[in-house]
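Just below is one structure, and these are the notes that go with it.
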Amino acid sequence: MNDTAPITLVIAEDHPLFRKGLTDALSGDSAFRIVGEAADGELALDLVRRHRPRVALLDVDMPRLSGLSVAETVRREELGVAVVMLTMYKDAAMLHRALDAGARGYVLKDSGVDDIVACLHMVASGGGYISPPLSSEMLVRQ
């Protein structure tokens, strides 16, 4: 894969203002190319299946299909798309549910754009990322 090629993204977030802000911030960065936006999980899954982006940035809570359900389907269908969960949930239980669903990244909505960008780069390159306030949760995971 060409390392200079932009990271293709599908962004799924049901709050229009938050989605627009995120899209505006990331589309201004030449490292990313947004190939689809969704306000619900069913559309997000359709976009992921159709475009096969390197990364799908999914809100945990969305209408019609949750981000967790989308992540589980991406994993089960072996679509080869890295999933990042975008969430307000700061508890270990939700973090573990997301990882069990196949997410490779877990980023909090109150993170700065720099943290979200770092997460997307890390996950796109095959690594994992957990927002710093939750990273200690991985140390206690059995």
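The values are calculated or read from the model by the stated rules, or taken from the named source; none is laboratory data. Not measured: the values here are computed from a predicted model. Here the Cβ positions follow ideal geometry from the backbone for every residue, glycine too, while neighbour counts run over all protein chains shown. All accessible areas refer to the heavy atoms of the entire protein, side chains included, with ligands and DNA or RNA removed. Shrake-Rupley method; radii C 1.70, N 1.55, O 1.52, S 1.80 Å.
General remarks:
- If you go through the stretch 7-19 and keep only what is over 17 Å from VAL70 (Cβ atoms) and at pLDDT 95 or above, you end up with just ILE7.
- Selection of first residues in the stretch 5-33 that are within 14 Å of HIS51 (Cα to Cα) and of second residues that are open to solvent by less than 70 Å² (accessible area, probe 1.4 Å) and among the acidic types (Asp, Glu), restricted to Cβ pairs under 8 Å at least 6 apart or on distinct chains, gives the following pairs, ordered by first then second residue: ALA12/ASP40; ALA12/ASP59.
- Filtered by the rule that a residue be open to solvent by 10 Å² or more (accessible area, probe 1.4 Å), of a type in the set (A, V, I, L, M) and modelled with pLDDT under 95, the stretch 32-64 gives a lone residue, MET62.
- Any hit, the stretch 70-85, residues being in contact with a strand residue (DSSP E or B) (Cβ under 7 Å, 6 or more places away or on another chain), open to solvent by 70 Å² or more (accessible area, probe 1.4 Å) and part of a loop (DSSP other than H, G, I, E, B): no
- Among the candidates SER69, SER111, residue that is farther than 18 Å from ILE34 by Cα, modelled with pLDDT under 95, under 15 Å from the mean Cα position of the chain (by Cα) and not aliphatic (A, V, I, L, M): SER111
- Only listed residue being more than 21 Å from ALA5 (Cβ to Cβ), outside any helix (DSSP H, G or I) and touching a Leu at 6+ places or on another chain (Cβ under 6 Å), chosen from TYR89, TYR106: TYR106
- Members of the stretch 40-77 that are of a type in the set (Asp, Glu) and over 17 Å from GLY105 (Cα atoms): ASP40, GLU42, ASP46, GLU77
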